[in-house]
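Below you'll find the structure, written out as structure tokens, and then a few comments.
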Amino acid sequence: MSNVTKYGVPAAVLLGILAVFIWVQGGDEPGMPELVNARLITLVDEATAETMERPYSDWDASGKRGGKYKNPETGDYTMVVPIDCPQCGAQIPPCPLDEAALAGKTADEILALKAAYKCPKCGKPVGVR
Ligand SMILES: [Zn+2]
């Protein structure tokens with residue numbers, strides 16, 4: 001009996017158990033890019049507040065601009081990581097305070113912008129801190 005035959009099957013079983021273990025853990029570990037790429041990521045369009053779920057690899061493939069991913073339907077880079085509205089629980093875009101919005105604003109004006117931000121789904125103030 002060769003060593004390959006002798007040890008090949010137990011090794012395969014162990015690898016299988018390891019793969020299932022990593023899969024159950026969620027695949028966040030580095031070195032498992034295929035699991036990360038297959039993971040479904042929900043992003044929200046800051047223009048329409050519509051959420052969209054796609055595999056990470058699909059979001060990644062269309063690239064990022066200014067920290068935003070491309071909406072495949074509109075071709076615009078408007079997809080951002082959603083926050084949960086504390087009022088209605090909907091997944092909504094975070095208060096849009098990017099560089100353009102912050103340019104030339106005082107701290108008080110920025111606070112006022114945050115205080116004025118309302119949930120696009122329920123219309124209530126989100127209460128961004
Ligand atoms: Zn809401």
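Every number in this text was worked out from the coordinates using simple rules, so none of it is lab data. Predicted, not measured: the structure shown is a model, and the values here were computed from it. Cβ: placed from backbone, ideal geometry, glycine included. Neighbour counts: every protein chain shown.
Give me Glu50, Glu34 ranked fewest to most by other Cβ atoms within 10 Å of their Cβ, as a rough exposure proxy.
With the fewest neighbours first, Glu50, Glu34 line up as Glu34, Glu50.
So which lysines can Lys64 reach, going by Cα to Cα under 25 Å and dropping same-chain residues fewer than 8 places off?
Filter leaves Lys114.
Size of the dipole of region 40-81 about the Cα centre, Lys and Arg at +1 and Asp and Glu at -1 on the beta carbon, nothing else charged, in debye to 20?
Roughly 220 debye for region 40-81.
Can you sort Ile92, Ile41, Ile110 from fewest to most other Cβ atoms within 10 Å of each residue's own Cβ?
Exposure proxy ranking, most exposed first: Ile110, Ile41, Ile92.
Sort Met79, Met52 by Cβ crowding within 10 Å, fewest neighbours at the top.
Met52, Met79
Charges at C-beta only: +1 for Lys and Arg, -1 for Asp and Glu. How large is the resulting dipole of region 82-129 about its Cα centre, in Debye rounded to 20?
240
Give the shape of region 82-129 as rounded, prolate or oblate, defined through the alpha-carbon gyration tensor: a ≥ b ≥ c are the square roots of its eigenvalues, a/c under 1.5 means rounded, and otherwise the shape is prolate if a/b is larger than b/c and oblate if not.
prolate
Give, as a single signed number, the net charge of other residues whose beta carbon lies under 13 Å from the beta carbon of Tyr69, with Lys and Arg counted +1 and Asp and Glu -1.
Spelling it out: positives minus negatives among the neighbours equals -2.
Could you give the nm distance between label points at Gln91 and Lys64, where each point is 7 Å from its Cα heading toward the beta carbon?
Those two pseudo-labels are separated by 1.7 nm.
What aspartates and glutamates could a cross-link reach from Lys121, if we take a straight Cα to Cα line under 13 Å and drop same-chain neighbours fewer than 8 places away?
Excluding near neighbours in sequence, the set is Asp45, Glu46, Glu50, Asp84.
What is the spin-label model distance, in nm, from Leu40 to Ala103 if the labels are put 7 Å beyond Cα along the C-beta direction?
For Leu40 paired with Ala103, the spin-label model returns 3.9 nm.
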